[in-house]
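Note sheet for the following structure.
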2 protein chains.
Amino acid sequence: MNYVKDGAAIYRESFSIIRREADLSAFQTDLARVVVRMIHACGMTDLPQDVQASPDAASAGVNALLAGAPLFCDATMVANGITRSRLPQNNEVICTLSDARTPELAAKLRTTRSAAAVGLWRDRLAGSVVVVGNAPTALFHLLDMLEDGAARPALIIGIPVGFVGAAESKAALAANRLGLPFLTVRGRRGGSAIAAAAVNALASEEE
Amino acid sequence: MNYVKDGAAIYRESFSIIRREADLSAFQTDLARVVVRMIHACGMTDLPQDVQASPDAASAGVNALLAGAPLFCDATMVANGITRSRLPQNNEVICTLSDARTPELAAKLRTTRSAAAVGLWRDRLAGSVVVVGNAPTALFHLLDMLEDGAARPALIIGIPVGFVGAAESKAALAANRLGLPFLTVRGRRGGSAIAAAAVNALASEEE
């Protein structure tokens, strides 16, 4: 069959189509670059209408990664979607969902494993980049921890997907009273690929 | 914050919302169950309008997995999204993208690593379940191999995402002249989460 086989050309053409079709006018240049990559991950040029971010989100993420911040991910698929070679400081990518302590903690707290796993991030949250791409309960639990005084991440990428709690947890992130830098996608859409794509965009300017 | 923390209840409520909102009338019962899980993975109840499958897709997938078929995935995120505990025969999940031979093969064939990696599946393709959730070039390359006489998989789940070749590769899969059992999502939408969700639905009836 006849199709484009040059990976670099495919990327270039993809980003060119996205920039032609998507309305990025609501975003500053640095954030627009992130949104382009999020669109690339899901194939939907109408995603910008649901993207919401604090004004400092992109710069906070870029600077944190340059400073060597670890990345805390709620799901292995998120961790897996982060392209290690793009990370500027060989930043650590951490997912505690399969940590041996997580199931017991979940039972004790009467919550999901995804939420319990977030509790294990507490000691290293300060200045980190948090990436929630799957579980609304992870994002809710994180916000609860932060309201209770846990150290502040540099950026929260909160893009869980789904039908129960996803829209609500993302609305709570966007409305947080702590002034936390955040990036989210309103509503039900989201997921590990979109969340990881945001990290990949922040990690390197290379398209 | 006040939110549902019971994982099983979240699943039940999610699937109930999906079945209430999505139009599944075009699908037989076994395929409808797969589509529900695909919707769950992306948060979009309008996905069914783009889902296309051969009549035997669901039964071919279920039977192959029950018979112990290996799963060939084009991306580690796809492999990662497959819930191992749902697989009926502890089926092997294989992704050759990081195989040591892949870069050299890609250079030799002047194609992407994703496409070259598919070439390494050749000896074990017969009766397998192929899951493409990322790269259109992987799906194109697979179809070329099959037209050239490679052994037939039991089912091809072909759901790459994106702007260059995604829609075209999926249309080629749906129009294949070999009568290959397939499941796809027309157009640009797709991705590793949707593809892995289809596998997870075929692997076990448990919701």
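Only the coordinates and a few stated rules stand behind these numbers; no lab work does. Note that the structure is predicted; figures quoted are calculated from it, not measured. Glycine gets a Cβ as well: all are built from the backbone with ideal geometry, and neighbour counts include every protein chain shown.
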Quiz item: Going by average Cβ neighbours within 10 Å, how do the peptides B:149-159, B:93-103 rank, with the highest at the top?
Solution: B:149-159, B:93-103
Quiz item: Counting partner chain Cβ atoms within 10 Å of every residue's Cβ in A:116-129, what's the average?
Solution: 0
Quiz item: From the label point of B:Met1, set 7 Å along Cα to the beta carbon, how far off in nm is each other copy's matching point, shortest first?
Solution: 4.2
Quiz item: Tally Lys/Arg at +1 and Asp/Glu at -1 over every other residue whose Cβ is under 9 Å from the Cβ of A:Gln52; what's the total?
Solution: +1
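Compute the signed sum of charges (Lys and Arg +1, Asp and Glu -1) over the other residues within less than 9 Å, Cβ to Cβ, of A:Phe163.
-1
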Quiz prompt | Two-decimal ratio, the stretch B:62-144, of alpha-carbon radius of gyration to 2.2 N^0.38 Å | solution = 1.08
Quiz item: Using the count of nearby Cβ atoms within 10 Å as a rough guide to exposure, how do A:His141, B:His40 rank from fewest to most?
Solution: B:His40, A:His141
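Under the rule of -39500 (n - 2.57) per DSSP H run of 4 or more residues, summed and divided by the residues of the protein assembly as shown, what mean residue ellipticity at 222 nm is obtained, to the nearest 500 deg cm²/dmol?
Numbers: 18 runs with 186 residues, N = 414.
My calculation for the protein assembly as shown gives -13500 deg cm²/dmol from helical runs alone.
How large is the convex hull of the Cα atoms of the protein assembly as shown per residue, expressed in Å³ as a whole number?
Numbers: hull volume 54.8 nm³, N = 414.
Per-residue hull volume (Cα only) is 132 Å³.
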Quiz item: What net charge do the residues around B:Gly43 carry, taking every other residue with its C-beta under 10 Å from that of B:Gly43, with Lys and Arg at +1 and Asp and Glu at -1?
Solution: +2
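Taking every residue in B:158-165, how many Cβ atoms of other protein chains lie within 10 Å of its Cβ, on average? Mind showing how you got there, number by number?
Values: counts 0, 0, 1, 6, 10, 13, 11, 7.
Whole-number average of other-chain Cβ neighbours for B:158-165 is 6.
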Quiz prompt | Label point 7 Å beyond Cα along the C-beta direction, distances from A:Arg12 to other copies (nm, shortest first) | solution = 5.5
Quiz item: Hey, what do the phi angles of the stretch A:91-98 turn into as Karplus ³J(HN,Hα) couplings, whole Hz, using 6.51/-1.76/1.60 and θ = phi - 60°, x for Gly and Pro?
Solution: 3, 6, 10, 10, 10, 9, 4, 9
Quiz item: Which of the trypsin sites (Lys or Arg not before Pro) across the stretch B:165-199 are loop residues per DSSP, with 11 or fewer other Cβ within 10 Å?
Solution: B:Arg177
Practice problem: Find the percent of Cα-Cα distances in the stretch A:50-203 that exceed 24 Å, and round it to a whole number. | Solution: 22
Self-check item: Distances in nm from A:Arg152 to the matching label points in the other copies, shortest first (labels 7 Å along Cα to Cβ)
Solution: 6.2
Quiz item: log10 I(q)/I(0), Debye, Cα-only the stretch B:122-189, no solvent, q = 0.15, 0.16, 0.27 Å⁻¹?
Solution: -0.39, -0.44, -1.24
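Averaged over A:4-13, how many beta carbons belonging to a partner chain fall within 10 Å of each residue's beta carbon?
Going residue by residue through A:4-13 and averaging, the value is 5.
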